[in-house]
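The values are calculated or read from the model by the stated rules, or taken from the named source; none is laboratory data. All figures in this text were calculated on a predicted structure; none of them were measured in a lab. Cβ coordinates were reconstructed from backbone atoms using ideal geometry, including for glycine residues, and neighbour counts include every protein chain displayed.
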């Protein structure tokens with residue numbers, strides 16, 4: 001099949017997902033991408049640019065895939081393509097948290113709604129994400145004061161499904177059995193408010209004040225000019241930092257993950273858990289909030305040990321892991337084996353079969 005994949009925010013997990021699909025699919029997947037910046041403008045205007053520049057390619061496609069940071073309805077109208085289309089939701093603007101001091105922008109929620117209505121299939125990257133969107137969409141439509149599209153919720157959800165993303169583990173090698181003299185704590189999330197870095201660093205500062213000996217890897221993408229929490233952390237935790245900033249190569253990133261002992265998340269928004277799954281695959285012990293998609297990706301047998309319900313529980317469980325990390329090699333290996341289920345080599349067949357199903361039902 002000739003598949004065109006439109007990604008208007010080509011960075012982070014969006015980039016990794018598209019790159020893996022291109023690499024592992026048996027179909028010919030042609031990417032059309034825009035850099036991962038100005039996300040609000042991508043939602044507003046990316047469809048106009050892509051229709052203008054790539055309209056012919058879209059009209060020749062057997063299937064079009066777009067992700068959520070574009071107006072698919074605009075793209076379909078302007079490019080005049082007639083093949084089936086998929087809308088893949090990495091996140092959505094109905095449930096995404098708003099930074100403190102900012103008001104939600106309703107027009108972005110409408111963009112997701114009309115994009116979903118225009119698509120032939122809507123894909124969500126976890127059950128948690130699917131259920132949150134389902135609930136939010138119903139209330140979003142009910143809040144329209146008059147002439148609300150009464151059938152829109154049912155129309156969208158009836159063509160929606162959950163499909164877990166694949167991850168390309170080919171750069172990651174088997175972790176050697178390491179007994180680091182100092183435990184190495186990992187942060188490999190975006191440097192953004194929804195990952196709550198302030199909560200994470202609060203714990204790091206407490207450990208330092210208590211004299212706990214540890215080292216820190218601060219990875220992840222930064223889209224800010226001056227990430228205040230991270231600048232402060234560099235000043236206060238400088239001697240403990242083994243890495244500060246984005247790992248420029250996949251090889252370096254894999255090496256950092258293989259060296260880490262504990263990966264911590266404090267997120268208030270996470271629909272899949274790409275970075276945490278990568279870390280767990282590399283035999284890093286997780287410490288995750290008991291919310292979002294985390295209880296879904298981590299098997300229930302590990303919840304009591306590795307999920308927390310409050311900052312107090314985060315502190316107590318982190319201290320326990322810092323004491324016990326050398327004795328948990330078998331647990332690390334078992335969790336890593338579970339994460340192997342997300343390998344693209346195991347996930348790609350479901351995607352390819354879905355593409356063929358839609359391609360056969362489509363009309364050019």
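Among the candidates 84, 97, 104, single out the residue that is modelled with pLDDT under 95, in contact with a helix residue (DSSP H, G or I) (Cβ under 7 Å, 6 or more places away or on another chain) and not assigned by TED's automatic domain parsing to the domain that holds residue 292.
Just one listed residue meets the conditions, 97.
Among the residues of segment 18-46, those identified as in contact with a helix residue (DSSP H, G or I) (Cβ under 8 Å, 6 or more places away or on another chain) and within 22 Å of residue 356 (Cα to Cα) are 20, 21, 23, 24, 25, 26, 27, 29, 30, 31, 32. Taking (1) part of a loop (DSSP other than H, G, I, E, B); (2) under 22 Å from the mean Cα position of the chain (by Cα); (3) more than 30 Å from residue 85 (Cα to Cα) in turn, residue 170 satisfies each apart from (3). Touching a residue at least 40 places away in the same chain (Cβ under 8 Å), buried (at least 21 other Cβ atoms within 10 Å of the Cβ) and part of a helix (DSSP H, G or I): does that describe residue 279? When the stated conditions are applied, residue 279 passes them.
Once segment 283-304 is narrowed to residues that are touching a strand residue (DSSP E or B) at 6+ places or on another chain (Cβ under 9 Å) and over 15 Å from residue 128 (Cβ atoms), the residue that is surrounded by the fewest Cβ atoms within 10 Å (Cβ to Cβ) is 302. For segment 150-167, filtered to residues that are part of a loop (DSSP other than H, G, I, E, B) and modelled with pLDDT of 95 or more, the residue that is farthest from the chain's Cα centre (by Cα) is 151. Has segment 299-310 got at least one residue that is in contact with a helix residue (DSSP H, G or I) (Cβ under 9 Å, 6 or more places away or on another chain), under 22 Å from residue 219 (Cα atoms) and touching a residue at least 12 places away in the same chain (Cβ under 8 Å)? Yes. Among the residues of segment 179-218, those that are surrounded by 17 or more Cβ atoms within 10 Å (Cβ to Cβ), in contact (Cβ under 8 Å) with a residue 40 or more places away in the chain, within 23 Å of residue 252 (Cβ to Cβ) and touching a helix residue (DSSP H, G or I) at 6+ places or on another chain (Cβ under 8 Å) comprise 183, 184, 185, 186, 187, 188, 189, 190, 197, 214, 217.
Among the residues of segment 131-145, those identified as surrounded by 21 or more Cβ atoms within 10 Å (Cβ to Cβ) and under 22 Å from the mean Cα position of the chain (by Cα) are 133, 137. For segment 123-133, filtering for residues that are closer than 19 Å to residue 354 by Cα and not in a loop (DSSP other than H, G, I, E, B) leaves 4. Of all residues in segment 254-264, those being surrounded by fewer than 21 Cβ atoms within 10 Å (Cβ to Cβ) and within 18 Å of the chain's Cα centre (by Cα) number 1. Take the conditions at pLDDT 95 or above and either surrounded by 21 or more Cβ atoms within 10 Å (Cβ to Cβ) or assigned to a loop (DSSP other than H, G, I, E, B) (or both) and apply them to residue 78. Does it pass? Here the answer is no, as residue 78 does not meet what is asked.
Residue by residue, here is whether (1) more than 26 Å from the chain's Cα centre (by Cα); (2) at pLDDT 90 or above holds:
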site	(1), (2)
203	no, yes
209	yes, yes
212	yes, yes
216	no, yes
219	no, yes
222	no, no
226	no, no
246	no, yes
266	no, yes
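Restricted to segment 2-26, and to residues there that are out of contact with any strand residue (DSSP E or B) (no Cβ under 6 Å at 6 or more places or on another chain) and not in a helix (DSSP H, G or I), the residue that is surrounded by the fewest Cβ atoms within 10 Å (Cβ to Cβ) is 26. For segment 82-122, name all the residues that are touching a strand residue (DSSP E or B) at 6+ places or on another chain (Cβ under 7 Å) and either part of a loop (DSSP other than H, G, I, E, B) or closer than 21 Å to residue 293 by Cβ (or both). 83, 84, 86, 87, 88, 89, 90, 116, 119, 120, 121, 122 - these are the residues of segment 82-122 that are touching a strand residue (DSSP E or B) at 6+ places or on another chain (Cβ under 7 Å) and either part of a loop (DSSP other than H, G, I, E, B) or closer than 21 Å to residue 293 by Cβ (or both).
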